[in-house]
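Enquirer: My structure is below; once you've seen it, I'll send some questions.
The values are calculated or read from the model by the stated rules, or taken from the named source; none is laboratory data. Owing to the predicted nature of the structure, the values given are computational and were not obtained by experimental measurement. Cβ sites come from the backbone with ideal geometry, for glycine too, and all protein chains shown count toward neighbours. Surface areas here come from the heavy atoms of the whole protein model, side chains and all, with no ligands, DNA or RNA. Shrake-Rupley method; radii C 1.70, N 1.55, O 1.52, S 1.80 Å.
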Amino acid sequence: HEIYGEELPEIVSARLERELNSIISNGYAVMYIIAQKLVWKSNEDGYLVGSRGSVGSSFVATMAGITEVNPLSPHYYCESCHYSEFDSPRVKEYVGRAGCDMPDAVCPNCGKPLKKAGFDIPFETFLGFKGNKEPDIDLNFSGDYQSKAHKYTEVIFGAGQTFRAGTIGTLADKTAFGYVKNYYEERGQHKRNCEIDRIVEGCTGIRRTTGQHPGGLVVVPDDMDVEDFTAVQHPADDAESDTITTHFEYHCMEDNLLKLDMLGHDDPTMIRMLEDLTGVNARTIPLDDPDTMSIFTSSRVLGFENDELLGPTGAVAIPEFNTRFTRQMLVDTQPKDFNTLVRLSGFSHGTDVWMGNARELILSGTASVLETVGCRDDIMLYLISKGLDPKMSFKIMEAVRKGKVKKGGFQDGWEDAMRAHEVPDWYIDSLAKIGYLFPKAHAVAYVMMAFRIAWFKVHHPLAFYSAYFYRRSQKGGFDAVLMTHGKDAVVANIDAIENNENATDKDEDLLTTLEVAYEYYIRGFEFLPISIYDSHATKFIIKDGKLLPPFVAISGLGENAAWDLMRGREGKTFLSVEEVAAACPKVSKTHIQMLREAGAFGDLPDTSQVSFF
């Protein structure tokens, strides 16, 4: 009612009634209430929550505040007088697309600017065509807030009623082969290959270790004990661990116990940091900002163009679009609106959706980006629009998105029905190649977060790089020695990794940050040298139009030593490097040497090198 007024538009009330009937009659209301409490608590504490999966297909979830994705068809509404517009010709042009891409308009009643909303996502993707598919409400909390969110479940359900979902690590066939081969070799026994294969097959898939799900919590009803369903244990049999997990893997219990998926994610953390640094409320950022949209095709707005290293786009460091693979997708498709970005997210997260499929159709001119299959919802909506039976359209969508058509072909009658309704051959062939398809609601939620972060990159660059480098340094992905000594040094390190045939995963991860550091330099920014007096333990500080790296940016200097440096320097003016070492007992000689090489001590004398005799 806050959005659409006291007298709801027919399309709004009808969707709510239809969804609520399905949700309540099938006993899923409690899951919505739980998710709502968790999201509201996180928002109250200042952290946005991203939704995963198809929960954004539910308008009830949107109105309950569980997701920011509005699944209604594109529409205008007025915050002031509650005028709404769903059926006009200008709105119908955007059916199946993103409401935020519609042109700006003013309210015909009060003259205020109209809000643009809606992504046209069917509810069936979430709860099935009969509304009885068990809902899966997955939530992305800030990595910094995840443990607090998990703790809050004990407030909701009571202590001892929630447990981390246990996982079981099994023996892979290659590992099993090594075990079997070594077993016989150590005993000097020769076995035929067929016998070795038989033993390997028997070993493959048996339990190797136990662990914990990264975000899954199992909830036990308050009138029952966890032992009624499963034994519990410390993960990996580590008795020192504070965590208690279920002993059986969750799928053994999924028909009896509720699992909450509360994962940690970088995007909400970065959004919170950017909000704190700039004072901008991320929710107010327009999803059609032209300067922000432009960086997905050109870097001109960032102050450089067609860089040899980074390519033509400005999407480096933007979630969803920052890899070389996805940046090439941007080059191939030249997205000009939010809707296309959503489709690209679907292309990149799907299996056998882009390479050898949609990419070839688009580049050959056979189909446009909007005509190809990007997300699972596209299939059902397209087939219904061609006149196919809605239930058959839903079944085809479900079979394609799970890879069943790729493995076993179309069921009897499906292909004939599509041809009878003039579905093009290229479309049918495309469906038959797909191994997995992303839900549109998931893609929309991710791209909304990505676009907001991109907005900060364009409009508040120092805050953006401060937050980005902070997140990278937390994972050991920022090395001050490699990245703070100018553009030429960064380029040399990029070349070294690219020309190294034996580059490790860690090197590749470092390469990602080096690219961002390079972009930072070519946009005209610089780093200040690390300072024993001014640097923070973990955060990149904006100072004099530059970034001052933290102590942890020095490779090998961990957070404990970094915080010890901050505590040790309080209220002090040091006369020598040795005084710093004496004031910070957790800082080793190696750390002191690293700080010395980074120039952190400035002009402080190093009396350890002075002899008095």
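Enquirer: Go through the residues of the range 399-406 one by one and say whether even a single one is buried (at least 24 other Cβ atoms within 10 Å of the Cβ) and modelled with pLDDT of 95 or more. Step through it out loud before you land on a result.
Expert: First pass over the range 399-406, keeping only residues buried (at least 24 other Cβ atoms within 10 Å of the Cβ): 400-401.
The next check asks that each one be modelled with pLDDT of 95 or more; those that pass are 400.
Yes, because at least one residue in the range 399-406 is buried (at least 24 other Cβ atoms within 10 Å of the Cβ) and modelled with pLDDT of 95 or more.
Enquirer: Mind counting the residues in the range 436-468 that are within 24 Å of E124 (Cα to Cα) and open to solvent by 20 Å² or more (accessible area, probe 1.4 Å)?
Expert: So the answer is 2.
Enquirer: Conditions: (1) under 18 Å from the mean Cα position of the chain (by Cα); (2) modelled with pLDDT under 95; (3) of a type outside the set (D, E); (4) crowded, with 22+ Cβ neighbours inside 10 Å. F478 meets all but one. Number of the miss?
Expert: With respect to (1) under 18 Å from the mean Cα position of the chain (by Cα); (2) modelled with pLDDT under 95; (3) of a type outside the set (D, E); (4) crowded, with 22+ Cβ neighbours inside 10 Å, F478 is out only on (1).
Enquirer: Here is a further query. Can you tell me which residue in the range 168-191 is nearest to D237 (Cα to Cα), limited to those that are hydroxyl-bearing (S, T, Y) and open to solvent by 50 Å² or more (accessible area, probe 1.4 Å)?
Expert: T170
Enquirer: Which one is surrounded by the fewest Cβ atoms within 10 Å (Cβ to Cβ) among residues in the range 41-73 that are of a type outside the set (A, V, I, L, M), farther than 22 Å from Q146 by Cα and in contact (Cβ under 8 Å) with a residue 60 or more places away in the chain?
Expert: My answer is S73.
Enquirer: If we keep just the residues of the range 192-223 that are part of a loop (DSSP other than H, G, I, E, B), open to solvent by less than 70 Å² (accessible area, probe 1.4 Å) and of a type outside the set (V, I, T), which is modelled with the lowest pLDDT? Don't jump to the end; show me each part of the working.
Expert: Of the residues in the range 192-223, the ones part of a loop (DSSP other than H, G, I, E, B) are 192, 204-206, 220-223.
Cutting the leftovers down to open to solvent by less than 70 Å² (accessible area, probe 1.4 Å) gives us 204-205, 220-221.
Keeping just the survivors that are of a type outside the set (V, I, T) gives 205, 221.
Working: G205: 90, P221: 87.
Here the answer is P221.
Enquirer: Within the range 115-142, restricting attention to residues that are open to solvent by 20 Å² or more (accessible area, probe 1.4 Å) and at pLDDT 90 or above, which residue is farthest from P74 (Cα to Cα)?
Expert: For the range 115-142, the residue satisfying everything is K115.
Enquirer: Something else now. Checking M448 against (1) assigned to a helix (DSSP H, G or I); (2) under 27 Å from G314 (Cβ atoms); (3) at pLDDT below 95, only one condition comes out false. Which one?
Expert: With respect to (1) assigned to a helix (DSSP H, G or I); (2) under 27 Å from G314 (Cβ atoms); (3) at pLDDT below 95, M448 is out only on (3).
Enquirer: Specify which of the listed residues (I318, I379) is among the aliphatic types (A, V, I, L, M), in contact (Cβ under 8 Å) with a residue 12 or more places away in the chain and closer than 28 Å to L514 by Cα.
Expert: I318
Enquirer: How many residues does the range 16-51 hold that are outside any helix (DSSP H, G or I) and either modelled with pLDDT under 90 or under 20 Å from the mean Cα position of the chain (by Cα) (or both)?
Expert: Here the count works out to 9.
Enquirer: Within the range 325-338, does at least one residue satisfy the condition of being among the basic types (K, R), at negative phi and open to solvent by less than 20 Å² (accessible area, probe 1.4 Å)?
Expert: Looking for residues that are among the basic types (K, R), at negative phi and open to solvent by less than 20 Å² (accessible area, probe 1.4 Å), one finds at least one in the range 325-338, hence yes.
Enquirer: Let me ask something additional. For the list (1) within 30 Å of the chain's Cα centre (by Cα); (2) buried (at least 17 other Cβ atoms within 10 Å of the Cβ); (3) over 19 Å from E597 (Cα atoms), I need the number of the one condition that P550 fails.
Expert: (3)
Enquirer: Then there is this: Could you tell me which of the residues Y76, Y83 is more than 27 Å from L257 (Cα to Cα) and open to solvent by 30 Å² or more (accessible area, probe 1.4 Å)?
Expert: Testing whether each residue is more than 27 Å from L257 (Cα to Cα) and open to solvent by 30 Å² or more (accessible area, probe 1.4 Å) leaves just Y83.
Enquirer: Filter the range 144-164 for residues that are within 21 Å of the chain's Cα centre (by Cα) and surrounded by 18 or more Cβ atoms within 10 Å (Cβ to Cβ) and give the result. So that I can check it myself, show each step before the final result.
Expert: The initial filter retains those residues of the range 144-164 that are within 21 Å of the chain's Cα centre (by Cα), namely 144-150.
Those that are within 21 Å of the chain's Cα centre (by Cα) and surrounded by 18 or more Cβ atoms within 10 Å (Cβ to Cβ): Y145, Q146, A149, H150.
Enquirer: Kindly provide the set of residues from the range 294-318 that are within 22 Å of I271 (Cβ to Cβ) and surrounded by fewer than 20 Cβ atoms within 10 Å (Cβ to Cβ), ordered by number.
Expert: Within the range 294-318, S294, V301 qualify.
Enquirer: Under the condition of being more than 18 Å from K440 (Cβ to Cβ) and β-branched (V, I, T), which residue from the range 344-398 is least open to solvent (accessible area, probe 1.4 Å)?
Expert: Only one residue fits best here, namely I362.
Enquirer: Hey, another quick one. Which members of the range 12-40 meet the condition of being over 20 Å from L258 (Cβ atoms) and open to solvent by 70 Å² or more (accessible area, probe 1.4 Å)?
Expert: E17, R18, N21, listed by residue number.
Enquirer: Being out of contact with any helix residue (DSSP H, G or I) (no Cβ under 7 Å at 6 or more places or on another chain), aliphatic (A, V, I, L, M) and assigned to a loop (DSSP other than H, G, I, E, B) is the filter here; which residues of the range 52-101 pass it?
Expert: Within the range 52-101, just V95 meets the criteria.
Enquirer: Right, another one. Return yes when S13 is among the polar types (S, T, N, Q) and either in a loop (DSSP other than H, G, I, E, B) or touching a strand residue (DSSP E or B) at 6+ places or on another chain (Cβ under 7 Å) (or both) and no when it is not.
Expert: Judged against the criteria, S13 is not a match.
Enquirer: Of the residues D288, D267, D261, D237, only one is surrounded by 15 or more Cβ atoms within 10 Å (Cβ to Cβ) and more than 26 Å from Y152 (Cβ to Cβ); which? Show your work before the answer.
Expert: Values: D267 fails: more than 26 Å from Y152 (Cβ to Cβ); D261 fails: more than 26 Å from Y152 (Cβ to Cβ); D237 fails: surrounded by 15 or more Cβ atoms within 10 Å (Cβ to Cβ).
That would be D288, the only listed residue that is surrounded by 15 or more Cβ atoms within 10 Å (Cβ to Cβ) and more than 26 Å from Y152 (Cβ to Cβ).
Enquirer: For E515, all conditions in the list (1) surrounded by fewer than 16 Cβ atoms within 10 Å (Cβ to Cβ); (2) in contact (Cβ under 8 Å) with a residue 60 or more places away in the chain; (3) in a helix (DSSP H, G or I) hold save one; what is the number of the exception?
Expert: (1)
Enquirer: Collect the residues in the range 529-547 that are surrounded by 17 or more Cβ atoms within 10 Å (Cβ to Cβ) and free of Cβ contacts under 8 Å to residues at least 40 places away in the same chain, keeping them in residue-number order.
Expert: Across the range 529-547, the qualifying residues are H536, A537.
Enquirer: I want to confirm something. Restricting to the range 240-251 and keeping residues that are touching a residue at least 60 places away in the same chain (Cβ under 8 Å) and part of a loop (DSSP other than H, G, I, E, B), which single residue is most open to solvent (accessible area, probe 1.4 Å)?
Expert: Selected residue: F248.
Enquirer: Filtering the range 368-393 down to residues that are aliphatic (A, V, I, L, M) and not in a helix (DSSP H, G or I), which residue is nearest to M418 (Cα to Cα)? Write out each step before concluding.
Expert: First, pick out the residues of the range 368-393 that are aliphatic (A, V, I, L, M): 369-370, 373, 379-381, 383-384, 388, 392.
Keeping just the survivors that are not in a helix (DSSP H, G or I) gives 369-370, 373, 388.
Working: V369: 21, L370: 19, V373: 15, L388: 7 Å.
By that ranking, first place goes to L388.
Enquirer: From the set of residues in the range 283-311 that are in a helix (DSSP H, G or I) and of a type in the set (A, V, I, L, M), which is farthest from D101 (Cα to Cα)?
Expert: To start, the set of residues in the range 283-311 that are in a helix (DSSP H, G or I) comprises 283-284, 290-294, 300-302.
Adding the requirement that they be of a type in the set (A, V, I, L, M) leaves 293, 301-302.
Numbers: M293: 11, V301: 20, L302: 23 Å.
Within the range 283-311, the match that is farthest from D101 (Cα to Cα) is L302.
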